[in-house]
Structure formats: C-alpha cells, structure tokens
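One structure is given here, and the rest of the page talks about it.
The values are calculated or read from the model by the stated rules, or taken from the named source; none is laboratory data. Model, not experiment: these values are computed from the prediction. As a convention, Cβ positions derive from the backbone with ideal geometry for all residues, glycine included, and neighbour counts pool all protein chains shown.
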Amino acid sequence: MKPEAILYKATLGGKELSFETGRLARQAGGSIVVRQGDSMIFAAATLGNVREGVDFFPLTVDYEERMYAGGKIPGSFFRREGRPSTDATLVARLTDRPLRPLFPEGMRNEVQVILMSLSADNDNALDMLAINAASAALMISDVPWGGPVGAVRIAYIDGRLVANPSIHEMEESSLDLRVAGTKEAILMVEAGSSEVTEELMAEALQLAHDSIQDVIAVQERMAAEIGKAKKEVALAVSDQALIDRVKADIKDRVTALLDSEYSKANMYGGIDQIKADYLLQTLGQEPDLVELVNLAKAFDEAERMVVRDRILYEGKRPDNRKVYEVREISVETDISPRAHGSGLFTRGETQVLTLATLGTPKEAQELDNLNGMDSKRYMHHYNFPPYATGETRRVGGQSRREIGHGALAERALEPVLPDEKAFPYTIRLVSEVLESNGSSSMASVCGSSLALMDSGVPITAPVSGVAMGLIMEGDRYVILTDILGTEDHLGDMDFKVAGTRNGITALQMDIKIAGITPAIMAEALARAKDARLYILGQMTQVIAEPRPELKPHVPRIETIKVPIDKIGAIIGPAGKNIRALQEETNTKIDIDDDGTVYIAAIDGEGFNEARERILALTETPEIGRIYTGKCVRVTDFGAFIEILPGVDGMVHISQLSTERVEKVEDVVNVGDDLTVMVIDISPDGKIRLSRQALLEGWTAEEAREHDSPRGARPRTGGGDRRSGGDRGDRRSGGDRGDRRSSGDRRSGGDRRGGYDKRDRR
C-alpha cells in the first residue's frame, strides 16, 4: 500500500514552506521533508539508548550533502560523496547549535539527527531549511525535546531588510544574517556583512524573530495532531543539597584563589588542588567509588556557582577585570621572512599567529557542492593544536570546531578584501593558535588583518574582533567583554563580533540557555563595538594601513587582454605552448574564458619576456606595421614570411628590394629572417608584405601604388628613379648602396637591413 503523506504549510518571509511526513523513513523516530520552491531537504531524528560511562549529552547532527540534489555527479576520483565538504560541516554545526540547549538537563540517551539534501534549485538555500526540518522531525518524534525552533535568513537590499531572500537576491545584499530561535527568544545567530551598523543589526534580529513565528506555530500544530508520545528517559539529576553543602565548604578557598594574581595555570591548577584536598578530606584515602564520583560532580557544580555568583552579584571576574575591560594586547608583524605576510596577535593568554600567502588565480579552491559557487579565491584556515592549552592528544584532521572558526574569520575579512579585477591574487590565510584562554577565533581575525596589511594586500580597512559573554539567573544578567576560557565554560553565551570602525562584518552567537531577547543582544552589540574599537586602536598603533608595496618575494601579477579566439594559440596543442612559456620565462600564467591573461613572476625580466611572447602569439596583423619574421616558403614570384606565430604573408619579388631581383633566393632563403611591412590585407585574410617599402621609406599606401600586379616583373626602364638624381647617386655608391651592402644577409651584415627586431612594435 502506498504510504500516505501528511502535509502542513507555513509562511516564511512571504514564501510558502511545506512540511511533509508519513511517506519517507517511517522507522525513524521522526522524519520530515521540508520544501521551498524546488529545494527539498530531508531530516530524521532518532533516540538511542544511554551510552555507558558518559557524563554528557551525546547529540550528533550530520548533514549529508548529496550531489544528485543539484543534478551533479561528484567530482572526486570515486565519483561518490566522501568526507563532508566544508559547507556540509558548517550546515551541521549551524543546525546543532539551536537544537542542543532545548534537550532536558541531564539527558544521557544518544540522539541522532541526520539531514540529507533531496533537491537544490539554486534559488532557495538549504541551510535554513535544514534547521526547520530538524526541528520539525524532533517535534513529531518520540525524542524528549523542548522545541520547536524556527530559522530564517535576513538580507539588506537597496536600503531595506528582507526576510527569507533567494540566492539571487543575496548577490545584491550587504547582510547575510541567519537566525534561529523559539517563540520567546533567540538561540543562534550567524552573520556576515559589509560593515553594517549595530542599530541595523539589532533591527534585523528583531525582524528575524518576528518572521519565524508562523514556522514555530505550524510545528506546534504538527506535534499536537500527529506527533508521537515522548519517551521517558532517565535523567542524570544533580543532588542540589549536596551541591549547596559543598559550595558552603569551598567558597572561602575558591574566593581566596580568585582574589590572588590571575593566570590560567594558577587558576586551573589551584582549583584542581582545592578539589583534590577537599575530596581527600571528606572521603579519606580509600573512598567508595560512587561517593567519589558524586562528590566530584558536586564540587564542579559548586565551584561553577561560586564563580558565577561572584560575577553576577559582585561584578568580579576570575582575572579581576571590570566586566567591560579588555585584556592586555600585544601586536607584531613581519614574523616570517619568507611568508608573504604575517601578524602575531596576543590578548592576555590567547595568542594567534596568522600567515598570508598570495597566489595566482589558478590556485583558487575548486568547490564541489550545492551552494552555487564553483571556486573561491580567499581561504582562511584555522588550526588549534593541543599545546595551545597545555595538553597532549592525537593530531589529525581538522575538527568541526576548527572548520567553523576558520569560516567565521573568513567571513569577517571578506568584505574588506580588494576586488579580484583590481588585485588578481588568490589569498590564503592560516591562523595558528599558539596559546588559548578564550576567544582564539576573534584573535585569528585580528592576526589575519595584521597579516594582510603586512603583506601589502590593499584591504579597505583593518578588522578586529571580540567575544562577549553572559551570566544570567532569572531576570538578572551581566554582559562580559573579552571572555576568558573559564567564563566561556561556565557562562550562558558566547557572542563573537568582528568589524571595522564603520560597522560589523561578522557575527556569531552560541547560547547554552533557552535563549535571550533581542534587547539583550542589542546591548551586547553596543558593548562589543566599544571593545572592538579599542582593539583596533591597539592594532593601528603598530600598522595602520596596508604596506605600500608587496613583499619582494611575492609574485607580481599583471593582466593583459587578448582576443578570445587567440586563447588556443597561447595554450597550444595539449597545453604545449603555455607549459613551455612558463618554463622558459619562470612565470605562472592563467587564462580566463573572457581572454584575461594573468602573468605572475618574481622578477620583471621574466614577466616582460612572457608578456611580449603572449602578445606575439595573439597579435593580429595591421596594415602599416613592421614585423621581422622567418621565411617559411620560397616560390618563383615571392617569399612567404611568418610575421606572427602561425600567420604568414607574401612578399612579391617586386617588393623584395629597390633593384630588380632575378631570383627570390638572391635576397632571402627559407629559414632567413626578413623585416617587412604589411601593405595590404585582403577580405579573405591574405597578407601582402613589402621590404622595398622600408628601404624606400614609403607608407603602406605608397607601397601599394608602386606594387606590380601579381606575377609581373618589376619595370626595367627609364625614369629618374633608375638613371639620375639622388636615387641614381644612392644606387651607384650613395646611402642606398651602403645600406644594401651593410644589410645584405649574404655578406655577414645585419640581415634585417638596419631594422632592429624591437622596431616591429
């Protein structure tokens, strides 16, 4: 029997969004297909058992980007999807963040949400559909969850905010804001923008929250009408009485530690020592294992409460800074002598070294995904080694966190990069986190800005970033500027803001509680602006703008334009010409389909040679131009000269000299060079050349007037030209005779009759 589909519809930014269930994946806990236009995404949410020995919530969100959704075959060697692309990883992270805070506290059952692209129409993006699909799947499933959430993208186009824009509309937008939230509050924010103001960002956040209300209402109706009963799961419940007792026991010792001079090592080491002493004092040398585990958990929660209370009610932070104060900053540039640019940014105990590399357009990253982009010329990679936190662990591929932080920094700097036409380089930045105690992602933004300016990349403005935190209990809250690792761990929000003096370029918010209001976010944005401008001031004291010139070892890239039909001549059969050209001139050459040729060279000599040879390969003969070329064929009536690669013209025997020529071979033979002028080009492309025009000093028009008809011999008689006057004198020993004897190729002189090869242009 054909499965019956159940359909619900919602409106998001004036567009219809449909939720279908009951037809696909009926054995999953809950499954949904969300559709907008011809873009469709599938989501399945399933509840597993308790994973033994874990003291955290094991939620997994995976996004499977299927190329068939866009009518594509994967470009890998195996022609099938393999490791998730960067875009797929980012969508999975984007979906995870608003879902996670709404699961019951103490839940230890495994929950898996799998998303899969079914159709991509290149006009309706899949990322926001993924969050809405995951939420709906959880709502109708048997998984305990405190949703729903709705998600929407906000654009800013022609002076107005637009909810749920199309991919094509986003090409004109100066804001790409993605927001997810519940009916009451915002849970997740991710944004890239072209220096928008804090006021506009706050307005956009409010529009986003208003826009998702219908999507949330439809999911609530689905849960009520077709949703499964939620399974009862055992929750790891904290012993609040034990926590309160431990808090009273350790408060003075923890407070004394917090009042002492701060360093991360002292803080973490001190807490570990207090914990070890307390457990030993309370349970003795041979404690019961269950009692030891319970007391250790109670200690961790009690210590967290002491630090939070101190911030919330006394305004005292672990390192004794004011809530609005930024840590001490150190800035350096030109760290690596051979990297194309480098910047070292240190803020407190967080340190990031970013190094820049500039390459040719050919080195841009090729993409194989469903987002409509086929390549990217700017890449930012972020590495977080274990020594940065004083730890040891296996070093392997990049984690989701590293990919996400790299994408955030990339988004922050993209708006200030020069246009590719004005600065035709591929740009790669690598941020190496050398030390970490809070907000290494924003330190990588600052280090990257320094590296770009150090390399001489003409960015429009420097960019800085700062991470804000939040401690909230009931209606009472404190916003923290430039959070420490401890404050991130025990706080309720990690709110990262990057931008220039003119406005915000990137924004990211992670929430650990049920959400915060747009009003609190607006306040955090204003505080972040003050901190961002302060950090920018510290950076610009060291380097305020890009260096006027690129570093000496950066390849210089120049562009020339050639006719599209000449591209093949540069490349040659199977790339033979362009490979030889690059090897012989020590350059890198890239060619766009529009005929733009990029020449990259370390030295000017190689560039000039490559440029001249490319122009020669692509030049179109012009009447009146002088060329030096090789004789490729000789006939009774003239010689054929290759004046440009693959382009021949014919010099009639009557145009080879000022004197009568009996045989063509008396002047030129196959393989000889000859300097000639183009005197005519027929409609069918045949080229007529003249050497006599150069010797006589004629124009092309004059040469055509004196040219003999095809096949005729030059005249032999009379006239002043052959019997008298200056011309006769020149023939019998004057200047003309001298020029011919010195330029005659058979007498060892200049075979080109006194014309230098460079004169042809």
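Numbers below:
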read-out: Per-region count, the range 45-95, residues of a type in the set (D, E, K, R), buried (at least 16 other Cβ atoms within 10 Å of the Cβ) and in a loop (DSSP other than H, G, I, E, B); value: 3
read-out: Complete set of residues in the range 121-164 that are touching a helix residue (DSSP H, G or I) at 6+ places or on another chain (Cβ under 7 Å), among the small types (G, A, S) and more than 22 Å from A45 (Cβ to Cβ); value: A155, A163
read-out: Residues of the range 595-607 satisfying the condition of being closer than 17 Å to T360 by Cα, part of a helix (DSSP H, G or I) and not hydrophobic (A, V, I, L, M, F, W, C); value: G604, G606
read-out: Number of positions in the range 671-697 that are without any contact (Cβ under 8 Å) to a residue 40 or more places away in the chain and outside any strand (DSSP E or B); value: 9
read-out: Qualifying residue in the range 107-124 (condition: of a type in the set (D, E), under 28 Å from the mean Cα position of the chain (by Cα), closer than 22 Å to Y63 by Cα and outside any strand (DSSP E or B)); value: yes
read-out: Check on D334, of a type outside the set (G, A, S), assigned by TED's automatic domain parsing to the domain that holds G491 and either free of Cβ contacts under 8 Å to residues at least 24 places away in the same chain or over 26 Å from E105 (Cα atoms) (or both); value: yes
read-out: Breaking point among (1) of a type outside the set (A, V, I, L, M); (2) in contact (Cβ under 8 Å) with a residue 40 or more places away in the chain; (3) closer than 19 Å to D142 by Cα, for D96; value: (2)
read-out: Output for the range 406-449, where each listed residue is out of contact with any Leu (no Cβ under 8 Å at 6 or more places or on another chain), hydrophobic (A, V, I, L, M, F, W, C), under 24 Å from E391 (Cα atoms) and outside any helix (DSSP H, G or I); value: V433
read-out: Residues located in the range 17-42, provided they are within 28 Å of the chain's Cα centre (by Cα) and among the hydroxyl-bearing types (S, T, Y); value: S39
read-out: Given (1) surrounded by fewer than 19 Cβ atoms within 10 Å (Cβ to Cβ); (2) at pLDDT 90 or above; (3) not in a helix (DSSP H, G or I), number of the condition V651 does not satisfy; value: (1)
read-out: In the range 565-583, residue modelled with the lowest pLDDT [restricted to those that are loosely packed, with under 13 Cβ neighbours inside 10 Å and among the hydrophobic types (A, V, I, L, M, F, W, C)]; value: A574
read-out: The listed residue being within 23 Å of R625 (Cα to Cα), at pLDDT below 90, out of contact with any Pro (no Cβ under 8 Å at 6 or more places or on another chain) and not in a loop (DSSP other than H, G, I, E, B), out of E702, E642; value: E702
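Quick grid of which residues meet (1) within 30 Å of I602 (Cα to Cα); (2) modelled with pLDDT of 85 or more; (3) surrounded by fewer than 16 Cβ atoms within 10 Å (Cβ to Cβ):
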{"residue": "P361", "(1), (2), (3)": "yes, yes, no"}
{"residue": "N371", "(1), (2), (3)": "no, no, no"}
{"residue": "Y378", "(1), (2), (3)": "yes, yes, no"}
{"residue": "P385", "(1), (2), (3)": "no, yes, yes"}
{"residue": "A388", "(1), (2), (3)": "no, yes, no"}
{"residue": "E391", "(1), (2), (3)": "no, yes, yes"}
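Okay, residues lined up against (1) modelled with pLDDT of 90 or more; (2) buried (at least 17 other Cβ atoms within 10 Å of the Cβ); (3) not hydrophobic (A, V, I, L, M, F, W, C):
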position	(1), (2), (3)
V457	yes, yes, no
V478	yes, yes, no
I483	yes, yes, no
G499	yes, yes, yes
R532	yes, yes, yes
G537	yes, no, yes
